[in-house]
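The values are calculated or read from the model by the stated rules, or taken from the named source; none is laboratory data. None of these values were measured; they are calculated from a predicted model. Counting neighbours? That spans all protein chains shown, and the Cβs are built from the backbone with ideal geometry, glycine included. In case anyone asks, the SASA skips ligands and DNA or RNA and just uses the protein heavy atoms, side chains included. Shrake-Rupley method; radii C 1.70, N 1.55, O 1.52, S 1.80 Å.
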Amino acid sequence: MVPFKKRRIQLHTASSGDGTIKYPQVVIFLLERKMGASRKSFLTQLGRGKGFLVEESFNQSVTHVVSENNSGDEARTWLNSQLSKQLGVEKNSTREEIHVLDISWYTESMRAGCPVDILDRHRLQECGTELTEFSVPSYACQRCTPLMGHNSRLTDALSILADSAEFSENEGRSVAFRRAAAVLKFLPQPVTRLKQLHGLPCLGEHSLRVIKEILEEGVSLEVETTKHSKQYTVLKILTGIFGVGVKTADRWFREGIHTLSELRRSGHALNRAQQAGLQHYEDLNLPVTKTEAVIIGQIVKKAVNAVLEGAEITLIGGFRRGKQTGHDVDFLITHPEESREEGLMPKVVFWLESQGYLLYQKTTRNSYLEANEGPGQPSSNMDRFERCFLIFRLPVDTDEGKVQMERLRGLPTQTENCTNMRTPVDGETETKTHPSVDASTQKRIPVLEPTQGSRDQPWRAVRVDLVVSPHSQFAFALLGWTGSKLFERDLRRWAKQEKAMSLSSHALYNSIQGTYLRASSEEEIFAHLGLEYIPPSERNA
């Protein structure tokens, strides 16, 4: 080993951005073979920025060799060659304590911000160990898929192609890439050879071609070209505006609008949602944390309880599946007594608005009538409940923010000053004073005008969806709104193709018997469908 004094010099030269080495006992070398120089450089800077010691070249102080797309035998052969030729150490000598690891250990350590424990799945297979060939059920609803898989580089690449296909309005191709990515995410260990994927469902020729290129070359030319193309990058920006879909974003792109500044100067007439989305773009494109979601939930619960005693509120979407961050926050509201939830949404929205929590709201009424539904109803029916799309004004938890919020109580709100931002549109319910809301709650807190790019305001804008469900449909609504999107798509596909049933977020209909199948829990719905129950934390296809 290198003497400690010399090793301290090495630590200093390869330290993180602020000069601090947090984990001097872990000295990492990234094996460039099959990884590529650019990716190695990126991963090196990423590690150093988090306080890891990542060496530019292999030397005697290295404790962890990290490899990507190499088998254990290939990595160990390379390592033994380096030990023999460069350091004069023979194979099977005292340098055998070097850990030879898959890239998954490195990426997990980056996410955790510290070296994670080395598990068997992190160690590369050696000594002629046969490659694992995987077996995967055809439907995502048959698979337990965790939040984090072992093949993120492959799934990320396919997701980019799926997004690109969606931007081209090619839904079939987009779904095909997402199904292929979901299969890879389910696999219990990293893929190192294409032959391991032989016979697996949902992996078409195009997806396999991309996977093969990444395994052999480290990157996919098609993916890199797509990711850096003008159209892809611009549409990513424009569709990030709340209220802007792919068609609108593509039209603007073809008109030469490529930035938010160009959109603001274009003179385009934007609807209320798009105005609010553009105004709060920075905030709405920041991740929402689980802590923020819980705080918003407490506020919404207070609003719901203020207008209907006994009502229940549940955090749904990605946070229910175990995510720690998301792009919005979804809540499902119901009441144990059937029909008591009717008329609830306008009162809740009014309460939130009267307390200064809303920057934007649009409410759609419940249009689901079971007597008129049945086998002909589209299986993608997810949005027939009474629902409110909100941009929520979440106070920042700082003393300055709290003081400013208190000082501004009672002044006119932005919605009172900007009447054009409050004009109801088709399908929207205009909030009015309700007798059931205590008059003391009608005092308003003003909405501050945000400054573009400013992060010192005492609040942030967050996208929130509220959904109200009758208690008899609650189990179906909970299942449908938990996600993931692909998991739900495959649930409905399974129901239709395998069971001759029609599943929505409202009900399960047996097309052969011509009857509805009732359920009071998600477990009952899975049982009706003949599926093993999968908990929310494993529905991350």
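Residues that are on the phi > 0 side of the Ramachandran plot and of a type outside the set (S, T, Y) do not occur anywhere in region 323-342. When residues in region 297-320 are screened for being assigned to a helix (DSSP H, G or I), within 25 Å of P146 (Cα to Cα) and not small (G, A, S), 1 of them pass.
Of the residues making up region 162-190, those that are open to solvent by 10 Å² or more (accessible area, probe 1.4 Å), under 21 Å from G218 (Cβ atoms) and not small (G, A, S) are K185, Q189, P190. Just one of the listed residues (S164, S174, S135) is assigned to a loop (DSSP other than H, G, I, E, B) and among the hydroxyl-bearing types (S, T, Y), namely S135.
Among the residues of region 321-343, write down those that are closer than 20 Å to R365 by Cα, in a loop (DSSP other than H, G, I, E, B) and open to solvent by less than 30 Å² (accessible area, probe 1.4 Å). Hits for region 321-343 are H335, E341. Every condition in (1) polar (S, T, N, Q); (2) within 30 Å of L358 (Cα to Cα); (3) touching a residue at least 40 places away in the same chain (Cβ under 8 Å) holds for Q231 except the one numbered (2). Restricting V62, V136 to those that are touching a Cys at 6+ places or on another chain (Cβ under 9 Å), hydrophobic (A, V, I, L, M, F, W, C) and modelled with pLDDT of 85 or more reduces the list to V136.
Applying the set (1) under 30 Å from V349 (Cα atoms); (2) free of Cβ contacts under 8 Å to residues at least 40 places away in the same chain to D283 leaves exactly one unmet item: (2). Taking the condition at pLDDT 90 or above and on the phi > 0 side of the Ramachandran plot, does G36 pass? No; evaluated as a whole, the condition is false for this residue. Comparison of L315, L286 shows that the only residue that is within 22 Å of the chain's Cα centre (by Cα) and more than 18 Å from C388 (Cβ to Cβ) is L286. Restricting attention to region 217-232, does a residue exist that is open to solvent by 60 Å² or more (accessible area, probe 1.4 Å), part of a loop (DSSP other than H, G, I, E, B) and under 30 Å from E341 (Cα atoms)? No: region 217-232 contains no residue that is open to solvent by 60 Å² or more (accessible area, probe 1.4 Å), part of a loop (DSSP other than H, G, I, E, B) and under 30 Å from E341 (Cα atoms). All conditions in (1) open to solvent by 30 Å² or more (accessible area, probe 1.4 Å); (2) over 30 Å from L147 (Cβ atoms); (3) in contact with an Asp or Glu (Cβ under 9 Å, 6 or more places away or on another chain) hold for Q361, with the sole exception of (1).
Please indicate, with yes or no, whether at least one residue in region 194-214 is assigned to a loop (DSSP other than H, G, I, E, B), at positive phi and either under 23 Å from the mean Cα position of the chain (by Cα) or crowded, with 19+ Cβ neighbours inside 10 Å (or both). Among the residues of region 194-214, at least one is assigned to a loop (DSSP other than H, G, I, E, B), at positive phi and either under 23 Å from the mean Cα position of the chain (by Cα) or crowded, with 19+ Cβ neighbours inside 10 Å (or both), which makes the answer yes.
With respect to the conditions (1) within 24 Å of the chain's Cα centre (by Cα); (2) in contact (Cβ under 8 Å) with a residue 12 or more places away in the chain; (3) more than 30 Å from Q361 (Cβ to Cβ), S484 lacks only one, and its number is (3).
Taking G149 and the conditions (1) modelled with pLDDT of 95 or more; (2) open to solvent by less than 40 Å² (accessible area, probe 1.4 Å), which numbered condition does it fall short on, given that it satisfies the others? So G149 meets the others, but not (1). The residue pairs whose first member lies in region 286-301 and is more than 12 Å from T325 (Cα to Cα), whose second member is assigned to a helix (DSSP H, G or I), and whose beta carbons are closer than 7 Å, counting only pairs six or more residues apart or on different chains, do not exist in this structure. Based on what the data block shows, is K40 open to solvent by 10 Å² or more (accessible area, probe 1.4 Å) and more than 21 Å from R111 (Cβ to Cβ)? Spelling it out, it is not the case that K40 is open to solvent by 10 Å² or more (accessible area, probe 1.4 Å) and more than 21 Å from R111 (Cβ to Cβ). Across region 267-276, the qualifying residues are those that are open to solvent by less than 50 Å² (accessible area, probe 1.4 Å) and either assigned to a loop (DSSP other than H, G, I, E, B) or free of Cβ contacts under 8 Å to residues at least 60 places away in the same chain (or both), and the one among them that is nearest to D328 (Cα to Cα) is Q274.
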